[in-house]
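Read-outs: derived from the displayed coordinates by stated rules, not from any lab. Predicted model, so just to flag it, every value in this text is computed and none were measured. We place every Cβ from the backbone using ideal geometry, glycine too, and count neighbours over all the protein chains shown.
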Amino acid sequence: MSGAEAAAGAPARPYKLLRVAPVADGVARIALDNPARRNAIGVRMVNELHYALSDAFGDATVRSIVLTGEGAGFCAGGDFQQMAAGGADADELPPRGDYADLLLAMVRAPKPIVARVNGHAMGGGLGLVAASHFAVGVLEAKLGTPEIDVGLFPMMIMAVLRRVVPQRRLLEMMLFGEKLSAEEAVRVGLLNRAVPAAELDAAVLDITSKLGQKSPVALRLGLEAFAAQEDLELERALPLLRERLGACFATEDFAEGIAAFLQKRPPVWKGR
């Protein structure tokens, strides 16, 4: 669908490089939509992603977000053609932030983001995968950091890659410009699963269905706490998490969860 056919309940947006599907079964689906350029990510696509993700975060019907690519690939990395041209096409959407801001928004997202890696994810595209909470890829996908081969270095994505890839393996990737197979990406933590292409949607659905059964407010509080404590020393992290646990105790969903457990019935979450 076009950007004008935005997710139900969300404002219509003049997207040119995204496809945003109506929310279905609590899942917002966002696709990078520039297959002729292998979904290379530039200034405009970054800005559109800011809007699409913000809309999904603010939509009470959304439990999780699936991010994927149109065509045969997920994202080929930075749009060098746009970089060489010196900027972006005219954009009807006021700027909301750059690529670094986008990665930060994803890492701090109050709702789970699932990367549906339908093909190769390179450079800036790999950063989107690493900044997501879950990632499932097809066996044919390659994931890598080829920036060194054009005289660049994966500076910004390094910040999110180091959170999921062991240091020495990450340095190999970045300094050699390596492209990992999907199986190796699972081994180093970039992907949760690698599956045949015919099983990709079922694997993504398995994750979103499980998330859809959980308390929305517990998911939000948990993700916010996870992001807040990640870079803290233990002496600072534990008091913060103790405080966040108190916030969980105060929710209606906690009361409902305990009642459902004692009554041996499925909980009915209110999201409060």
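Cα convex hull of region 216-263: how many Å³ per residue? Taking the convex hull of the Cα positions in region 216-263, it is 67 Å³ per residue. Cross-link reach is defined here as a Cα-Cα straight distance under 19 Å, omitting same-chain residues fewer than 8 places apart; for Lys179 the aspartates and glutamates meeting it are Asp79, Glu140, Glu147, Asp149.
On the beta carbon distance between Ser54 and Cys248, with R0 = 30 Å, the FRET formula returns roughly 0.75.
The longest part of the chain holding none of the exposed loop GluC sites (Glu not before Pro), meaning those outside H, G, I, E and B in DSSP with at most 15 other Cβ atoms within 10 Å, is 141-229. Ordering Met174, Met45 by the number of other Cβ atoms within 10 Å of each residue's own Cβ, fewest first, gives Met174, Met45. Of the peptides 115-121, 51-57, 161-167, 259-265, the order by per-residue mean of other Cβ atoms within 10 Å, starting with the highest, comes out as 115-121, 51-57, 161-167, 259-265. With 0.36 nm allotted per residue and the present C-alpha distance subtracted, the Glu230-Glu183 stretch has 14.3 nm of extension available.
Counting pairs of Cα atoms in region 99-229, how many percent are more than 17 Å apart? In whole percent, the share of Cα-Cα pairs in region 99-229 beyond 17 Å is 58. From helices alone, the chain scores -13000 deg cm²/dmol at 222 nm; the rule is -39500 (n - 2.57) for each run of n ≥ 4 DSSP H residues, then divide by the residue total. Evaluated at q = 0.12 Å⁻¹, a Debye calculation over the C-alpha positions of region 192-272 (equal weights, vacuum) places log10 I(q)/I(0) at -0.52. Rg over Rh for the chain works out to 0.98, both radii taken from alpha-carbon positions and Rh defined as the Kirkwood radius. Applying the Karplus relation 6.51 cos²θ - 1.76 cosθ + 1.60 with θ = phi - 60° to region 103-113 yields 3J(HN,Hα) values of 4, 5, 4, 5, 4, 9, 4, x, 10, x, 10 Hz, where x marks Gly and Pro.
The string of couplings for region 182-194 from the Karplus curve (6.51, -1.76, 1.60, θ = phi - 60°) is 4, 5, 5, 4, 5, 5, 8, x, 6, 10, 6, 8, 10 Hz, one whole number per residue in order, with x for Gly and Pro.
Based on C-alpha pairs under 8 angstrom that are at least 6 apart in sequence, the chain has a relative contact order of 14 percent. Cross-link partners for Lys270 among the lysines, with Cα-Cα distance under 28 Å and sequence neighbours closer than 8 places in the same chain left out: Lys111, Lys210, Lys214.
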